[in-house]
Each structure stands twice: as C-alpha cells, then as structure tokens.
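Asker: Following this message is one structure expressed as structure tokens.
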Amino acid sequence: MSLFDNYTTQGFFDEMFGEDGQPHGHCRKLFQRLTEMSLPDYVGRVQLADLMLVNQGITFNVYSDQRGTEKPWPFDLVPRVIPATDWDHIERGLTQRLTALNLFLHDLYHEQKILKDRIVPRDLIVSAAHFRPELLEATPTGGAYVHICGSDLIRGNDGTYFVLEDNLRVPSGVSYVLQNRTILTRVLPALFRDLPVRPVDHYVTHLLANLGALAPPGRAEKPNIVLLTPGVFNSAYFEHSFLAQQLGIELVEGQDLFVDENIVYMKTTKGPQRVDVIYRRVDDDFLDPLIFRADSALGVPGLVNAYRAGNVALANAIGTGVADDKAVYAYVPSIIKYYLDQEPILPNVKTFLGSDPKDLAYILDNLDKLVVKATNESGGYGMLMGPQASAAERVEFADRVRGNPRNYIAQPLISLSTSPSFVEERFEPRHVDLRPFILYSAQNGVTIVPGGLTRVALRQGSFVVNSSQGGGSKDTWVLARENAPMRQSMGGGGMTQTLGTMAQSLGPPAPRAMGEEEQGGQQQQSC
C-alpha cells in the first residue's frame, strides 16, 4: 500500500497533484521517492526528525496556552516544491512590491506627496498605530528603511499567487527555514538526489554583510553588531538566539545597552563597547521609554536620539510598521502605480475597509462570507473566519467592528492551496501559505532567498497556518532552471539589484517619481 492511497485534492489547488490525481511534472520524482517508502520507514524518519527538534531546542512560544509556553516546532517532512518559472514570477512581484513600499515609506516621512495627491487618505496614515510622527524628516542610518522583509503569499483555486500581507517591522520565521532544510537533508537525504533544489544557507552570510554595511561613517571597518531581543519569553526567542549564534554577534536585551552623548554602548566585563548596528527584534513601542512607552523595560533610554543623530543603525528602521497596517495594504496596488507606473505583478486579495462607510455596511451584512481581521494583530489573533464561525461569534464580532471601524478590514475567504501532510499514518491535504524572506542593503542590493517558510494548517479543514493556532511548517524547495550552472543552483542565489536597477528592470519610472536629486538619496530606501 502507498502512503498516498485515497489521497484526494478535495477541490482545492494542490501543490503536488493535479485535478486528475496525477503529480505535477515538477513533483513526479519526489512523489516516486515517497511512494517507495513503507509506513514503518516513514514513521521512523518522522520520529527521528522530532527527536532532533527536541534535542536542538527548536521551539516556539504560545502566550495563551495555560499548560506552558514553550512547544516543539511542528515540522512536516513532505516538502513543498516550487518550479523555477513560478519562482521567477514571485521574485519579480516581491521586488516590485517592496520597491514601491520603500519609496512609500520614504515619502511618508519626508515629502508626503502621495498624501497631498490623495492617492492614500491622510486620515488613514495619521490614525495608523505604527505611524511615527517623531521620525518625520529623519533619514535612517545607511539610508534604508527595510532591510529584512517577509511577505505572506497564498495561492487560490486557479493557482494564482496573491500577497496576503506584508511584514516590514520584525518579520520572523527564517530560522525555521534554515533548520527545516538541515533536518530534512539529514533524515531524508534521498529526496534531494533527483531534483536541483536551490540552497537557502547563504541567507546568514548575506544578512551579516548587509548589517555590517549599515555601520555609521568611520565605523564600517569593524562594526559592532548586536541582536536586540525582548528576552526568553518572546515567542521567537529561539530564532533570536539561533540567528545571533549563526551571525557570530552578541544577543542582548535592553538592560545590556545604554546611551551616553547619543552613542550606544554595550556593557561587558571589559567595560563599555560602542554598538554600531542593532538588528532589533523589539517593536517600536518598546524601543525607547523616553519616546514611546514609558513603562517599557525592554528598550534603551535615549536610543531614538542616538538613531536620529546617525550614530547607530537599526534594522529594520523605526516607523516601517505603517506599511504593515492591513488597511494600508488595500492601497498597495495604488502605491505601486503611483511610484512605478505599473500594475502589480502579484495581486492583492480584495479588501474591504471598516473605515469606509460603504465597505463597513457590506462587511456587517456579509460576516458569514468574509474573513475579518484587526489591522494590527498578528499570529492569527483578532480575526473572525466568518464562514466557519457561529452566529453568536459573528454577532459579537460585529459589535467590535462597529465600535472601532478603522481597526478592521475584511476579505473573502480564499481557498488556500493544499499540500500533502503526514496525518494519522497517511498523507492528507492540508492548507499552506508561503513567507519568502528578502534582504536589502544599499551596497549589496536585493537578495531573495529561494523558498521561504511554508506554513501548514495541520488541523483538518483549518485555514489558519500560524503556529500559535495549531499550524506547522514544511521545507520549501525552489528548483533551479534546467541545465542551470551549478553556481546558480547550489550557491549564493537570489535576485540582487539596487533600487535604481530594480526600477529599470521593472519598467519605466512613474511620472510622479521623485526628482533626480531626491532619487539619489532614495536609492538606499528599498528592501
């Protein structure tokens, strides 16, 4: 018997199988390898992977679980495979999108042309929870706003890739991308023999080079880089410690740093050491109690002044969260058109805004058909899955929306694509999404790591892939082009461009694009 016996796509677009039940061409060799395995053999590999996860402390935290916060990372061994042509499309779409978003961020904190031209409503921006008026006219050290990006992609029933949301503040999950690949190569090495799977391990090398390039003038030769974490109780603390170890930099908390005369120092047993670059995994609100939340013990008093003075670089810059806002998300196609004079390569999901009276009426009348989300929540919280909710839940959520319409958006339920996952001793379809990771530096351009974090909703029928809501992950395989040089398929891959060359490759500049002098400064404002 095959582990795929009785597997059906259940009417959804499946990442491995077509409607006829046959594997897609790029998945045939993987399918063949998996069908050759017996149930005891596969279960043994699953148990070995679980043991490796536990022994290596690969975990995540769930704040709402009263039984304990730290959980082993759920990892499904069947990889998701993306052919080269699909990945080329995704790369171009993400490059276009993040180029426009970075131009948008620079504009918001400087000229605000897009608000003056009424492309994006001013009220929407000034009411955004993560818009930082304290940083108006401040240009980040190194010139870039977003250095590390993660945008969530989903796939509809016709196979179209959509951008579900953008994560431009402190995107998490890349450590699981790297660990998933390491574990799979150890427990199922035979799967890699037949397909030209592009590597992901160059991410750390690129990230370290990009962080070093952010150092203030005169400090670039041997910059002191640290990773700022909220501490062991943060949901992504494993990732913080893992990345700091891989990068060879210090993992610090706010209490380990102090500011003197607008220069940041780290406390050490050998005395204070100046800090040049902070890879921060702490949200804006908690970064500096003198500027933002006065009750924060996670940040560093005086950090914002040191940052504004250009004496320390932050990755990512303060204030990027305004472009994370799910209500601003609805305007990204207009933002792309405004700055690049292009149509989006990767479309948005149709979005209704609670702040718009007509949209609000539609949302309230159609809660049974829509997914309603709070504009600044994450992790699957603050969300109503209308088609799966009870009547009482919809009534309660309607009251929330009426009480604060600006805080909610709604979207039709997209039938996420499925991928085979091992459940109860057989493969069953489970819904998945994809979070690719993008690195940017003015000196080194854009690097899009081939693949990303495929998250999987392990609960039957669930569309919520977040680990805090019962989700897990898969290794994501991007295949190299046929007959591609070994260097492309086995090392350093990804798209590398500066903002100027990105705009050129994507098409002609927009009529409203910044003037030549402004563009010169803005060439460092991309992800």
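Asker: First select every other residue whose beta carbon is under 13 angstrom from the beta carbon of Gln32; then total the charges, Lys and Arg +1, Asp and Glu -1.
Answerer: +2
Asker: Also, quick follow-up: Relative contact order, percent, of region 352-412 when contacts are C-alpha pairs under 8 Å separated by at least 6 residues?
Answerer: 48 percent.
Asker: Over the chain, what is the percentage of antiparallel beta bridges among all DSSP beta bridges, to the nearest 5?
Answerer: Within the chain, antiparallel bridges account for around 75 percent of the total.
Asker: Okay, next question. Taking +1 at the Cβ of each Lys and Arg and -1 at the Cβ of each Asp and Glu, which of Ala128, Phe463, Ile438 sits farthest along the dipole of the chain towards its positive end, judged by Cα position relative to the Cα centre?
Answerer: Among Ala128, Phe463, Ile438, the one farthest towards the positive end of the dipole of the chain is Ile438.
Asker: Also, I was wondering about something else. Round to the nearest 10 and give me the degree value, 0 to 90, for the angle of helix 174-187's Cα axis relative to the longest principal axis of the chain.
Answerer: 30 degrees
Asker: Relative contact order of region 1-60, please, whole-number percent, based on alpha carbon pairs below 8 angstrom and at least 6 residues apart.
Answerer: Averaging sequence separation for qualifying contacts and normalising by length gives 30 percent for region 1-60.
Asker: Using packing as a proxy for protection, rank 401-407, 142-148, 352-358, 171-177 so that the peptide with the highest average count of other Cβ atoms within 10 Å comes first.
Answerer: 142-148, 171-177, 352-358, 401-407
Asker: Could I ask something else about it? Relative to the longest principal Cα axis of the chain, at what angle does helix 237-247 sit, 0 to 90 degrees, rounded to 10?
Answerer: The helix 237-247 is inclined about 80 degrees to the chain.
Asker: Could you work out the local net charge near Glu134, counting Lys and Arg as +1, Asp and Glu as -1, over the other residues with Cβ closer than 13 Å to its Cβ?
Answerer: Combined, the nearby Lys, Arg, Asp and Glu give -1.
Asker: Sort 186-192, 79-85, 390-396, 51-57 by the packing proxy (mean of other Cβ within 10 Å over each peptide's residues), most packed first.
Answerer: 79-85, 186-192, 51-57, 390-396
Asker: Additional query: What ranking, highest mean first, results for peptides 435-444, 11-20 when packing means the other Cβ atoms within 10 Å averaged over each residue?
Answerer: Ranked from most to least packed, the peptides come out as 435-444, 11-20.
Asker: A further question on this structure: Each label point is 7 Å from the Cα along the Cα-to-Cβ direction; what then is the distance between the points at His89 and Arg28, in nm?
Answerer: Label at His89, label at Arg28, 2.1 nm between them.
Asker: Please report how far the C-alpha centroid of region 96-123 lies from that of region 276-290, rounded to the nearest whole angstrom.
Answerer: Taking the Cα centre of region 276-290 as reference, the centre of region 96-123 is 24 Å away.
Asker: Take every Cα-Cα distance within region 352-412, group them into 5 Å bins from 0 onward, and report for each bin the whole-number percent of pairs it holds.
Answerer: All Cα pairs, binned at 5 Å, distribute as 4, 23, 36, 27, 10, 1 percent.
Asker: A further question on this structure: Stretch Thr182-Asn366 to full length: gain in nm at 0.36 nm per residue minus the Cα-Cα span?
Answerer: 61.7 nm
Asker: Let me ask something else. Kirkwood Rh over alpha-carbon pairs of the chain, then Stokes-Einstein at 10 °C and 1.306 mPa s: what D in µm² s⁻¹, rounded to an integer?
Answerer: 66 µm²/s
Asker: Which FRET efficiency, nearest 0.05, do Glu261 and Glu343 yield, Cβ-Cβ r, R0 51 Å?
Answerer: According to the calculation, E is roughly 0.55.
Where a number appears in this text, it was derived from the coordinates with a stated rule and is not lab data. None of the values given here were measured: they were computed from a predicted structure. Using ideal geometry, Cβ is built from the backbone for each residue, glycine included, and neighbour counts are taken over all protein chains shown.
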